[in-house]
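Undergrad: This structure is in structure tokens; I'll ask about it shortly.
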Amino acid sequence: MNVRIWLLILLLAVPGIARAQGYAGLGGSAEGFTVPQPDYTFQFPQDHGPHPDYRIEWWYLTANLKSEDGRDYGIQWTLFRSALKPHEVEGWQSPQIWMGHSAVTTPDKHYFAERLSRGGIGQAGVTATPFEAWIDEWHMRGSDPNTVSLSANGADFGYDLKLQANGPFVFHGENGYSVKSGDGQASYYYSQPFYEVQGVLRLPDGDVAVTGQGWLDREWSSQPLAADQSGWDWFSLSFDDGDKMMAFRLRGERSDFTAATWIAADGTTTAIPNGSVAFEPLTTAPVAGRDVPVQWRVTLPTRDLDIEVSALTPDAWMATRLEYWEGPVQISGSHSGRGYLEMTGY
Amino acid sequence: MTLTVIQALASHWRAHSLQLATLLIGLALATGLWSAVQAINAEARASYDRAADQLALGRFDELHNPAGPIPLSRYVELRRAGWQVAAVLEGPLRVQGQALRVLGVDMVAYPALPAVTQMEQSGTPPDPADMLTSPGRLLTTPVLEPLLAGQTGLPPILISDALPPDLILTDIGVAETLLKKPGEISHLIILPDQPGSIPPLSTIAPELERVPAQEQLDTAQLTDSFHLNLSAFGLLSFAVGLFIVHGTVGLAFAQRRGMIRTLRALGVSMRRLVWLIMAELSVLAIVGGVLGLVLGFFLAGALLPDVAASLRGLYGAPVSGQISLQPQWALSGLAMALGGTFLASGHALYRLSRMPILSSAGLQAWRSAASGSRVVALAGVVAIVGGILALLLFGGLVAGFVMVAGLLVGSALVLPYALSRVLILFQRSAKGPIAQWVWSDMRAQLPGLSLALMALLLALAANIGVGTMVSSFRLTFTGWLDQRLTSELYVTAASDQQGQDIAQWLNPQVDAILPIRNVELAHSSGPLFLYGIIDDKTYREKWPLISSSERVWDRFHDGTAVLINEQLARRENLWPGDILAITPADTLTIAGVYSDYGNPTGQAIVSMSQLDQIAPGAEARRFGVRVAPDRATDLAQALRDEFDLPRRAVVQQAAMKAQSMQVFEKTFVVTSALNILTLGVAGFAILTSLLTLWTQRLPQIAPVWALGLTRSELAKLEVLRSVLLAVLTALLALPLGLALAWALLAVINVEAFGWRLPMYLFPVDWVYLLGLTLLAATVAAALPAARLLRLPPADLLKVFANER
């Protein structure tokens, strides 16, 4: 989930600034912050926790769920960290800003909520052992990230879910060093795509018991986008045969940059280089006053992959401080399955 | 034809340029005073609205801790339970002797305030990192920039015009350093979007109280009475100004009767004449009104800083000291000028339209109209009785003003009748033909002068009434300050701990240490400030009780009784013997009521042990110190040195009194300014009336002159007559003024501020005022008298030859 590069968003601490600068503002410099380097050795459980000397970081969980009567649902639980300065201090003057986004998507409606906090006072944060990521009353916690309870609330929705991983963490790019542009911008990026999920969604019409699959992305960096990149399309796809694929396209002025990771059912990964996966928008829908592609053709000839990816509901718009589209998708064609799609910069 | 008529009408003003000037000055004064008051009110109200918008005040429910600040940990607990709240820390900051308010909000969670949004959307938005992390940034108004820029040790300053005056807006992390209140939160605002299910406040933070948005102290409401006061004054000045207009227009019409008769004889229809005269009046009204607006603008500009200072002092209301031209009061001023002109000239216009085409051009017909003084007096009595009834039946501030208005208008209407009765008495006792002629001549003049005398009566009464109120208030206030500020030193420590240290250090050196601890409680009657005091003879001897029950202090210190301030007593009608529920759990008997002129809010005092029980967390940082007065200065300095306290943390009683008196004086600067202006306008009204009468004097004086009185004797009598009438009016104004003072002290003040003041009389002021009146009347009569002196005997002789 690399491209959830977001973070400048969090500059939103003072709302309005990122909106004025737009996604193009995400290509800021990394001055004073640590920059990801190749051949990094991940240290667990510490690396499940925050890295305050990097500018941006996130704990990004999505899940495709089904109720007992067969209806499809999707949920999102995200905690972003954005550092105004590369360190942490106690109290209000902490330069670490935290932002939570949560959403429930049903076939006909999209519910979402947003929370903001700063670090240093205990209102939001992440600890590695025992594992807990929280902002306000929203939390993802357990002894370690493989077994967690997940909860979030909005004004008109909420959920309480249990997640149990039945596969390993997987690393994108070169052992978790994920390149984002031809100029070499990169992030550290690993995932836990093997969650079994069960729990309850609280919706205006009543509680819904659900089960399904979840996918956690962990990523941190300091200089996420190249200067000419203005947005991205990001896919996490789980096929019915047990294989999975993470794929993204960064839209640049000069050229697009693509990358993907093929994840076999046993967790072995294959990095797929720039230019291999082809993304073609098929249908756009008017969402929040703009045209957003809600049906895609994604092809990867080396894997005989030729699929159509379509949104469960076109209206999965996150009208948060920095707006984007994030929602569950259905897969048909050479492969079938479900997944999540994120699109920014439209 | 129309053009000819216009030329004929205008020729009058060319021939009587002084009259034209008088009319325009009268209009300008009336409009000017009125619009100045309107401008001040509009500016103040706009300031409140701006502040409310700019700070999102009263838009959200709030959480307060009655026992003091809210710890940061409580905020985090609430957040982690799902409560969407935002933290606010506010407090005063003294910069180079000026008290500024620091508002620290959590810029991350607080709804975007206009000043913040404006700054972000500017060409050079500040880096959030600078705003949120040390040293931070201060947002403030352009007015404060030079003050803050000259102060070292402050964070860099950003300028915004979307902020109330005297306010520094900053992030809470910066504010806690600036205010030296680390980890403290003044209150929390409850954000609009709360999650579906959150635990109730009673289980998660039982000590916090939720204050609904609409119950928060509303500045506009609080200051309503102040503005109503000003408006009443503006209206009074306007009315007095209209007397001038009435007098001048009446005179102009009377003098033009001959011309109008000629015009009509030449075939101009009355309809056309009336329309043209109305157009003429409109033009004059607009010219006078515009002059008045200019006058009002400068007057308001001159008065506003004092008004702003007293509004800040009295209510803490943020008012900018700069006036700006706003269409609402400019338009209302012009409308008042037009309306006033037609009101003042309606009668003259009506009589003109009824004038028979061949009626004589004499002035007698115009004047005799005002002769029904008995009927007018009856109307006056009705107005007085009506005003009193309104107060008795309805009560409240507006009814109070209705009564005052009824009293003033009614007395003015009664005045001509009363004066004529007095003159009849004098006439009966007069000896000799000249004396008899003087008295009867005065009576004959009365109808023409009565309006000017009414204006004088109103101005004098207002002067006596308001003067008595202000002086009574000053006397009471000074006495109250002496009782209330008994300690020689007042100390504020940085923390409770330092407070203890200071008390220990002081203990062996001073007569007594009197802790001052208070909390703000959300009470059903509004915010209630609860104070705790210890048992000390200072209180027993000096506390300004205005009503008490037996053994008040013993019962008080037993912890069974409470003392409340007059505002609370009057508002809630609670008196000694009644029960006060301080909180739902703590009810105490009221043992006494004390006067309190410091603020408009409710206040109660309990013994220190009671305070600890009701609000255990109340801070213990402030105390009074009793010490021999001659040691106070040295001790204050020693305290500052020993504990490294800032200058303002140790205040000497004398300085505090001076400061309090300063606020007090500013409060009444505007009142006295308007008062003096009103009197000036009334003096001018007398002058115009006498000038009006001048033209008709000749036929009356000529026979007397012919009978042997010299011109200088006649001139002396002219002045004497004017002075006598003014003195009589002044004498009648005295009881009216005292009645007004009583109404202001016992009715208006109670309704507006919540306190009733004893009335003191100031005869020396009356003598001074009488002298002023004599002077005004003499000056006003001097001009006609001087004319009489220089009048060629031929003119007097002409009276007998003239056909009129």
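A short reminder: the numbers here are calculations on the coordinates, not readings from a lab. Worth saying up front: this structure is predicted, and the values here are computed from it rather than measured. Cβ sites come from the backbone with ideal geometry, for glycine too, and all protein chains shown count toward neighbours.
Undergrad: Sorting check: for B:398-409, B:150-161, which peptide has the highest mean count of neighbouring beta carbons within 10 Å, and how do the rest follow?
TA: B:398-409, B:150-161
Undergrad: Among A:Pro45, B:Leu325, B:Leu714, flag the residue with its Cα farthest along the positive direction of the charge dipole of the protein assembly as shown, charges on Cβ as +1 for Lys/Arg and -1 for Asp/Glu.
TA: So the residue furthest toward the plus end is B:Leu714.
Undergrad: Further question on the same structure: For the ranges B:384-393, A:91-100, A:190-199, what's the packing order if you count other beta-carbon atoms within 10 Å of each residue, average per peptide, and put the highest first?
TA: The peptides rank, most packed first, as A:91-100, A:190-199, B:384-393.
Undergrad: Students often forget the sequence filter, so: which lysines lie under 16 Å Cα-Cα from A:Lys109 once same-chain residues fewer than 8 apart are removed?
TA: The reachable lysines, counting only those whose Cα sits under 16 Å from A:Lys109, are A:Lys66.
Undergrad: Using a 10 Å cut-off on Cβ to Cβ distances, tally the other chain neighbours for every residue of B:174-185 and report the average as a whole number.
TA: The shielding value for this peptide is 1.
Undergrad: Another question about this same structure. Using the scaling law 2.2 N^0.38 Å as the reference, what is the normalised Cα Rg of the protein assembly as shown?
TA: 1.28
Undergrad: Right, next: Can you check what the net charge comes to around B:Glu280, using other residues whose Cβ is under 14 Å from the Cβ of B:Glu280 (Lys, Arg +1; Asp, Glu -1)?
TA: Cβ neighbours under 14 Å give a net charge of +3.
Undergrad: Given chain B, what percent of its DSSP beta bridges are antiparallel, to the nearest 5?
TA: So the antiparallel bridges amount to about 70 percent of the total.
Undergrad: Something else now. Residues with beta-carbon under 15 Å from that of B:Pro576, excluding B:Pro576: net charge, scoring Lys, Arg +1 and Asp, Glu -1?
TA: Once positives and negatives cancel, what remains is -2.
Undergrad: Moving to a separate point now. How do B:Tyr48, B:Tyr75, B:Tyr350 line up, fewest other C-beta atoms within 10 Å first?
TA: B:Tyr350, B:Tyr48, B:Tyr75
Undergrad: Next question. Using 1/(1 + (r/R0)^6) with R0 = 51 angstrom and r between the beta carbons of B:Ala494 and B:Ala673, what's the FRET efficiency to the nearest 0.05?
TA: 0.75
Undergrad: If each residue's Cβ is checked for other Cβ atoms within 10 Å, how do B:Arg14, B:Arg540, B:Arg697, A:Arg81 rank with the fewest at the top?
TA: By the 10 Å Cβ count, ascending: B:Arg14, B:Arg540, B:Arg697, A:Arg81.
Undergrad: Taking 2.2 N^0.38 Å as the expected size of a compact globular protein, what ratio does the Cα radius of gyration of the stretch B:536-626 give against it, to two decimals?
TA: 1.05
Undergrad: Determine the sum of side-chain charges near A:Ser151: Lys and Arg each +1, Asp and Glu each -1, restricted to other residues whose C-beta is under 15 angstrom from that of A:Ser151.
TA: It works out to a net charge of +1.
Undergrad: Looking at the stretch B:59-215 only, what percent of DSSP beta bridges run antiparallel? Nearest 5 please.
TA: Roughly 70 percent of the DSSP beta bridges within the stretch B:59-215 come out antiparallel.
Undergrad: A further question follows. Per 10 Å bin, what is the whole-percent P(r) computed from every C-alpha pair distance within chain B?
TA: Final binned percentages: 2, 11, 18, 20, 16, 12, 9, 7, 4, 1, 0.
Undergrad: Please rank A:His48, B:His227, fewest neighbouring Cβ atoms within 10 Å first, as an exposure proxy.
TA: Final ranking by Cβ density, sparse to dense: B:His227, A:His48.
Undergrad: While we're here: For the stretch B:59-215, go through all pairs of different Cα atoms, get the mean of 1/r, take its inverse, and jot down that Kirkwood value in Å.
TA: 16.5 Å
Undergrad: Picking from B:Ile6, A:Pro301, A:Thr34, whose Cα lies most toward the positive end of the charge dipole for the protein assembly as shown (charges on Cβ: Lys, Arg +1; Asp, Glu -1)?
TA: About the Cα centre, the residue reaching furthest to the positive side is B:Ile6.
Undergrad: While we're looking at this one, here's another question. For labels at B:Val143 and A:Ala265 in the simple 7 Å Cα→Cβ model, what's the distance in nm?
TA: So the label points at B:Val143 and A:Ala265 sit 7.6 nm apart.
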